[in-house]
Amino acid sequence: MRTIFRSALNRLNGQPAPHTFSRATFGRTWSLLRSFPLEQADPDVFYTGLARDTAELIDALCTDYGVSLHGSRVLDVGGGPGYFTSEFAARGARYISCEPGELATDVRGSGMQLPFLDNSCEITYSSNVAEHVPEPWTMADEMLRVTAPGGLVVLSYTIWLGPFGGHETGLWQHYVGGEFARRRYRKKHGHEPKNIFGTSLFNVSCAEGLRWAESTGQLVLAFPRYHPWWAWWAVRVPLFREFAVSNLVVVLRKN
């Protein structure tokens with residue numbers, strides 16, 4: 001039964017990706033869900049687990065699409081506070097993070113204008129950044145530009161209408177509106193949220209990401225990042241996917 005369902009998902013979501021598919025278990029989903037509330041309360045626990053999961057995801061995708069992670073230059077667009085370096089180094093990758101702020105990073109620069117040459121990286125990925133930039137598809141185009149032919153672009157981001165679209169401002173408040181969620185958070189906690197709607201948090205849909213990826217002609221896989229394998233079908237159901245997918249991953253293999 002699982003084999004039949006996997007074949008159906010392959011037709012819906014792109015080319016077969018058995019290693020990526022097999023790691024999408026309910027146990028993994030539950031572990032990640034339990035860590036989400038710790039992002040600000042205990043960032044070491046949250047980001048260490050997320051970094052490990054991200055490296056495992058990239059490793060599985062590389063295996064599925066014939067790209068060697070070992071020895072490859074991996075560009076992390078919006079690398080954050082530096083937890084990812086050791087995970088990729090352990091897999092033999094040449095990891096480079098690019099971040100516009102003051103966080104520990106290898107290169108300081110904007111994702112919407114990456115300071116890298118065309119075709120300079122074998123793997124380019126971004127984890128939970130697109131919803132924090134005003135022009136996410138400009139960033140996505142830049143990621144594709146700097147990726148070498150035959151390499152992978154992996155873009156993962158939080159969907160606004162999903163339960164975590166409002167980030168720390170709440171599970172339902174952003175459905176009323178981003179400004180409402182911000183005001184309610186400020187009133188409750190006495191300070192602004194980390195992610196401010198319209199400034200550092202934006203309304204990005206699942207449909208937009210799929211439309212961008214399909215427009216390139218290089219999309220090979222699309223799936224919900226944190227869902228078990230049996231829920232991947234949600235990506236292909238218009239409107240429903242906006243609420244159910246939560247975090248979309250699109251994978252491109254550059255021509």
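Scoring Phe5 on the criteria (1) modelled with pLDDT of 90 or more; (2) of a type in the set (Phe, Trp, Tyr); (3) more than 19 Å from the chain's Cα centre (by Cα) leaves a single failure, condition (1).
Collect the residues in region 72-81 that are open to solvent by 40 Å² or more (accessible area, probe 1.4 Å) and either of a type in the set (A, V, I, L, M) or modelled with pLDDT of 95 or more (or both), keeping them in residue-number order.
Arg73 - this is the single residue of region 72-81 that is open to solvent by 40 Å² or more (accessible area, probe 1.4 Å) and either of a type in the set (A, V, I, L, M) or modelled with pLDDT of 95 or more (or both).
Among the residues of region 235-245, those identified as open to solvent by less than 40 Å² (accessible area, probe 1.4 Å) and over 22 Å from Ile58 (Cβ atoms) are Arg241, Glu242, Ala244. Being among the polar types (S, T, N, Q) and on the phi < 0 side of the Ramachandran plot is a condition met by no residue of region 239-246. Mind checking which residues of region 209-234 are closer than 23 Å to Gly66 by Cβ, part of a helix (DSSP H, G or I), open to solvent by less than 30 Å² (accessible area, probe 1.4 Å) and not aromatic (Phe, Trp, Tyr)? Hit for region 209-234 is Ala213, nothing else.
With respect to (1) without any contact (Cβ under 8 Å) to a residue 12 or more places away in the chain; (2) on the phi > 0 side of the Ramachandran plot, the lone exception for Gly170 is condition (1). Restricting the first member to region 14-34 and to residues that are closer than 28 Å to Arg253 by Cβ, and the second to residues that are part of a helix (DSSP H, G or I) and among the basic types (Lys, Arg), the beta-carbon pairs closer than 7 Å and six or more apart or on different chains are Phe21/Arg6. In the set Ala51, Ala60, Ala55, only one residue is at pLDDT 85 or above, assigned to a helix (DSSP H, G or I), small (Gly, Ala, Ser) and touching a Leu at 6+ places or on another chain (Cβ under 9 Å); that residue is Ala55. Kindly evaluate Gly109 against the criterion of being over 16 Å from the mean Cα position of the chain (by Cα) and small (Gly, Ala, Ser). Criteria met by Gly109.
The values are calculated or read from the model by the stated rules, or taken from the named source; none is laboratory data. Everything numeric in this text was worked out from a predicted model, so none of it was measured. Reconstructed Cβ throughout: ideal geometry from the backbone, glycine too, with neighbour counts over all protein chains shown. Ligands, DNA and RNA are stripped out before the accessible areas are found, and what is left, the full protein with its side chains, is counted by its heavy atoms. Shrake-Rupley method; radii C 1.70, N 1.55, O 1.52, S 1.80 Å.
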